[in-house]
Amino acid sequence: MTRSGFVAVVGRPNVGKSTLVNALVGSKVAITSKRPQTTRNTIRGVVTRRDQAGEPESQLVLVDTPGLHKPKTALGERLNKLVYGTLADSDVNLFLLDALQPVGPGDRLIAERLTDAGTPVVVVVNKIDVAAKPVVLERLLEAAEWDFDAYVPASALVGEALEPVLDELVARLPEGPLYFPPEAVSDQPEQQLIGEIIREKFLDRLRDELPHSLTVIVKEIEQRESGTLYIEAVAVVERSSQKGIIIGKGGDMLKTAGSAARTELETILGTKVFLDLRVRVEKDWQQQPELLDRLGFPG
């Protein structure tokens, strides 16, 4: 009998959750950025492990979640609610800590929520490629106070100790059939992935507060007779002044980010892409429930 189940990947903002999910899946299913709160939806990455005969023996559905934080907007409140709902629905929880950061109030809040959920928890201490061994040991000892099921030091960025992480997760999955075909890597709609790739290209090019005011809507995807994939997308910001920043002097920002997005999309989708990218203002969209609904953020 195979083992299969859902694994919520949780932690504070910017501890490397999306990088870890991508590394475990072996394919890019979630965007990454140095900016906190990059992830705004639950992204599912699928890992199917096979036995020596090549037959599927287990499947983990990794659910990359937004970083839990003290919300300042209606969007922030929705993101936290999304995380708590994911914890309730998972078979195993993966709690990611940053080896370079002492365990703080945010980590303890998450640990408390995980304890309340009553689901098996595997703690992964990330970034051991850049943290000294005594620091990693200190972080493991700090986390040991929670008495969770397993503790694994690893590095999502360089792919160190990923197999032990998978081993600990699989060992706690229930028996059951596969949820997805063995070759699947994600259930994310193509439209959502495209929008996230475009947003990613702006994130590290923008100043402090603006990345949180930006979202991207993909309005149309059409395969043209020429073989080119036509994509119409809109970058949405909250204020007119932000629109000017997104466009950049002489359109430089829009061209640079758009070109980077197009190049990556051609690699991922395996076809030539024409990206029609525009910018629109939706005043204070992060604070308006009706706009959040229209932009596709779950309530």
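Table for the structure above
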| item | result |
| --- | --- |
| Region 145-175 and region 104-124: distance between their alpha carbon centers, rounded to Å | 15 Å |
| Violating pairs (Cα-Cα greater than 32 angstrom) within the set Lys28/Lys219; Lys133/Lys201; Lys243/Lys272; Lys127/Lys243; Lys17/Lys249; Lys28/Lys255 | Lys133/Lys201; Lys127/Lys243; Lys17/Lys249 |
| With all protein chains modelled, accessible area of Ile194 [1.4 Å, Å²] | 0 Å² |
| Heavy-atom surface of region 163-286, accessible at 1.4 Å and reported per residue (Å²) | 51 Å² |
| Label-point separation in nm, Asp204 to Val158, each point 7 Å along Cα→Cβ | 1.8 nm |
| Order by protection proxy (mean Cβ within 10 Å, highest first), peptides 233-240, 12-19 | 12-19, 233-240 |
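The values are calculated or read from the model by the stated rules, or taken from the named source; none is laboratory data. Bear in mind the structure is a predicted one, so any value in this text is a computation, not a measurement. Note that each Cβ is placed from the backbone with ideal geometry, even for glycine, and that neighbours are counted across all protein chains shown. All accessible areas refer to the heavy atoms of the entire protein, side chains included, with ligands and DNA or RNA removed. Shrake-Rupley method; radii C 1.70, N 1.55, O 1.52, S 1.80 Å.
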